[in-house]
Amino acid sequence: MKFKSVITGASVVAISALALAGCGSSSSSSSSSSSKKSSSSSSSAKTTKVAKLTAGSKMKAGTYNLEEENYSHGYRTKMSITVNNNGKITKSSYDQVNKNGKSKVDDTSYNKQMKKIAGTNPKTYMPKLNKTLTGSAATGNVGSIDVVTGATESSKTFQNYTQQLVQAAQAGNKSTIKIDNGAKMKDGTYKLNEKNYSHGYKVTFAITVKDNKITKSEYNQVNKNGKSKVDDAAYNKQMKKVAKTNPKTYQPALNKSLVKSSDPTKVDVVTGATESSNTFIMYAEQLQNAAQKGDTNTITVDNMIFSE
């Protein structure tokens with residue numbers, strides 16, 4: 001959840017509106033159509049409202065690929081996005097394949113069983129996630145991707161991998177991103193920093209790993225003077241009034257949850273701070289991926305800021 005740090009009488013109404021909007025994602029795409037494979041989506045002639053990019057680098061044209069190196073329950077993820085000359089995603093191909101290259105979408109017994117238990121299955125949620133990327137998230141607005149009910153973990157992984165592909169597209173780096181999924185995290189401190197300020201703040205994040213456990217999590221939102229949003233008394237007071245929580249409450253809660261589980265997918269979204277919680281989880285997953293590789297280089301995210 002993002003709010004302006006300076007509270008004025010005229011801004012209270014706007015802040016209230018932001019709080020209400022931030023309690024849940026609001027994007028759904030109707031602008032794309034499924035390609036021949038149900039695990040990919042390409043844009044069609046229809047249009048969907050796409051938020052305007054106001055800060056952060058536009059994605060460069062090309063195709064960007066990501067793949068997991070290890071199989072989990074017989075499958076691993078392969079994903080690619082295609083970006084046009086206008087910096088928009090025109091095709092998304094997110095899939096989970098077995099050692100024979102067969103998609104989980106085509107695993108009839110798996111789909112039947114998951115549908116019975118979770119109310120959804122790969123045949124349903126994979127095309128839905130892909131479709132979002134050629135619709136409301138076409139300019140790289142990962143925050144507009146909704147979690148599919150019944151496929152929470154896959155949705156969060158999709159958000160993480162999409163963010164990494166968007167970062168690659170911003171840099172024009174077409175090297176395939178390799179994810180050493182399932183590998184043990186290596187000891188060390190891993191850092192991630194946003195480049196751009198949103199409502200006067202940007203994210204800084206660091207985790208410390210020891211013996212494959214996250215022993216310390218330092219997620220923060222700081223202004224240009226390095227002051228934490230936690231210490232912005234006026235902001236915290238106003239957000240608490242509107243959203244029933246604030247940075248002073250939700251930032252420590254998120255950090256504590258990650259240390260407790262050492263698994264970003266098990267971190268609960270804090271009610272009233274949905275946007276910040278989702279960002280936390282997404283960045284925590286990216287730091288986890290870095291720790292699995294033992295890559296201690298600071299990750300700089302040229303985070304995109306969109307008009308509201």
| task | Alpha carbons only, please: Rg and Dmax for region 177-263, in angstrom. | result | 15.2, 44
| query | Given a 1.4 Å probe and every protein chain left where it sits, what share in percent of the accessible area of region 183-307 is carbon and sulfur? | reply | 47
| field | Extension reserve of the K240-N65 stretch, reckoned as 0.36 nm per residue once the Cα distance is removed | value | 58.9 nm
| Between K213 and residues 5 or more places away or on another chain, which pairs have amide H atoms under 5 Å apart, with H built 1.01 Å from N, and which residues are they? | none
| remark: For region 225-281, the per residue accessible area (1.4 Å probe, Å²) is 49
| task | Calculate, in nm to one decimal, what N85 and K174 gain on full extension: separation in residues at 0.36 nm each, minus their alpha carbon distance. | result | 30.5 nm
| Burial ranking of peptide ranges 169-178, 56-65 (average Cβ count within 10 Å, highest at the top) | 56-65, 169-178
| request: May I ask you to give the percent of accessible area on region 51-181 that is carbon plus sulfur, with a probe radius of 1.4 Å? | output: 44
| message | Between region 243-289 and region 167-231, how far is it from one alpha carbon centroid to the other, in angstrom? | response | 13
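The values are calculated or read from the model by the stated rules, or taken from the named source; none is laboratory data. Since this is a predicted model, take the numbers as computed values, not measurements. Heads up, the Cβs are rebuilt from the backbone with ideal geometry, glycines too, and the neighbour counts pull from every protein chain shown. Remember, those area values only see protein heavy atoms, side chains included, never the ligands or the DNA or RNA. Shrake-Rupley method; radii C 1.70, N 1.55, O 1.52, S 1.80 Å.
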